[in-house]
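As structure tokens, the structure follows; a few thoughts come after it.
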Amino acid sequence: MFNLSTKEVVSSIEKTPLVNLNGLVYQEYRNFFGNNFNLDIRNKKNFEKLENQTELNRVKLSNDDIDLKKIKIFFMNTQVTKALEKKFKTNLRFESVDIWMDNKGYKLAPHTDNAGIKLALQIYLSNVNKGTGLYDDKGNSIYTFPFKFNSGYALYNNEHSHHGVEEIVDNGRISLYARYS
């Protein structure tokens, strides 16, 4: 069981500065869910391949999982959405959330998300692995988020929001990925 606090998450969003690096707009979170958050999914058995990434070493927690259902309801919360809207100065609508496990050999070249995603929020649910990297328009690395439990980022999707993951060397890079349109 785990605790999700709307108050803690809204506070994280409100207190975290918005960064704009030549159009690359993001927030970097630490302790996103607050001190009482604890979710360990490593022992769950209900993982499946992602529809568009079947050739990659990434699996997602099944939509039937009770913890994932609770997380989806949480990110649909109007207070969370409104805090993100205010910070990023845009209208948002919750679309979906997944919990991913990336294993040894997984990598994703610098890319921008599809145009249907206006804002993506990724929170890491494990430790000691490679975080998501940000890249300039020419593919040069700008910054890599530290991969630490309960930390992560929100990234505004535009022509400058190039991000990716260098090859994973250890199994178990687990993260939550919420999408807003």
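The values are calculated or read from the model by the stated rules, or taken from the named source; none is laboratory data. Quick caveat, the model's predicted, so the values are computed rather than measured. Reconstructed Cβ throughout: ideal geometry from the backbone, glycine too, with neighbour counts over all protein chains shown. To get the accessible areas, we keep the full protein, side chains included, count just its heavy atoms, and leave off ligands, DNA and RNA. Shrake-Rupley method; radii C 1.70, N 1.55, O 1.52, S 1.80 Å.
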From the phi of every residue in the range 160-175, what ³J(HN,Hα) in whole Hz does the Karplus formula 6.51 cos²θ - 1.76 cosθ + 1.60 yield, where θ is phi - 60° and glycine or proline is x?
-> 9, 8, 5, 8, x, 9, 5, 4, 7, 9, 10, 5, x, 7, 10, 8
Spatial separation of Cα centroids for the range 146-177 and the range 76-95, in angstrom = 20 Å
Which value, in Å², gives the accessible area per residue of the chain when a 1.4 Å probe is used on the protein heavy atoms?
-> 51 Å²
Could you tell me which GluC sites (Glu not before Pro) in the range 28-67 are loop residues by DSSP with no more than 14 other beta carbons within 10 angstrom of their beta carbon?
-> GLU55
Can you work out D for the chain in µm² s⁻¹ from Stokes-Einstein, where Rh is the Kirkwood radius over C-alpha pairs, the temperature is 25 °C and the viscosity is 0.890 mPa s?
-> 149 µm²/s
Residue-by-residue Karplus 3J(HN,Hα) for the range 6-11, coefficients 6.51, -1.76, 1.60, Hz, glycine and proline x | 4, 4, 5, 5, 4, 4
Which whole-number percentage describes the relative contact order of the chain, with Cα contacts under 8 Å and a sequence gap of 6 or more?
-> 28 percent
Give me the percent of the accessible area of the range 81-181 that comes from carbon and sulfur atoms, probe 1.4 Å, all protein chains in place.
-> 50 percent
Taking only the alpha-carbon atoms of the range 40-127, the convex hull volume per residue, in cubic angstrom, is 134 Å³
Partner lysines whose C-alpha sits under 20 Å from that of LYS138, ignoring same-chain residues fewer than 8 away, are LYS107
Translational D (Stokes-Einstein, µm²/s) of the range 126-181 at 37 °C and 0.692 mPa s when Rh comes from the Kirkwood sum over C-alpha pairs?
-> 266 µm²/s
So how much slack lies between GLU166 and ASN35, counting 0.36 nm per residue of separation and subtracting their Cα-Cα distance, in nm?
-> 44.2 nm
Partners for LYS89 among aspartates and glutamates (Cα-Cα distance below 13 Å; same-chain residues under 8 apart left out) = GLU14
Separation between the GLU159 and MET76 pseudo-spin-labels, each 7 Å from Cα along Cα→Cβ, expressed in nm?
-> 3.6 nm
Let me have the relative contact order for the range 17-94, percent, based on Cα pairs under 8 Å that are six or more residues apart.
-> 17 percent
With -39,500 (n - 2.57) per DSSP H segment of 4 or more residues and division by the full residue count of the chain, the 222 nm estimate, nearest 500 deg cm²/dmol, is -5500 deg cm²/dmol
Would you grab the residues whose amide H sits under 5 Å from the one on TYR29? Only those 5+ places off in sequence or on another chain, please, with H modelled 1.01 Å from N.
-> GLY152, TYR153, ALA154
For the range 76-123, the Debye formula with one identical point scatterer on each Cα and no solvent gives log10 I(q)/I(0) at q = 0.21, 0.23 Å⁻¹ as -0.89, -0.99
May I ask for log10 I(q)/I(0) of the range 29-87 at q = 0.20, 0.23 Å⁻¹, from a Debye sum over the Cα atoms as equal point scatterers with solvent left out?
-> -0.99, -1.07
Considering the options ILE13, ALA109, PHE47, tell which one lies farthest towards the positive end of the dipole of the chain, charges being +1 on Lys and Arg and -1 on Asp and Glu at the Cβ, about the Cα centre.
-> ILE13
Place the peptides 93-100, 148-155, 113-120 in order of packing, highest mean first, counting for every residue the other Cβ atoms within 10 Å and averaging per peptide.
-> 148-155, 93-100, 113-120
Of LYS15/LYS69; LYS60/LYS82; LYS7/LYS87; LYS49/LYS104, pairs whose Cα-Cα distance is over 18 Å = LYS15/LYS69; LYS60/LYS82
Per residue, how big is the convex hull around the C-alpha atoms of the range 95-167? Give it to me in cubic angstrom, could you?
-> 90 Å³
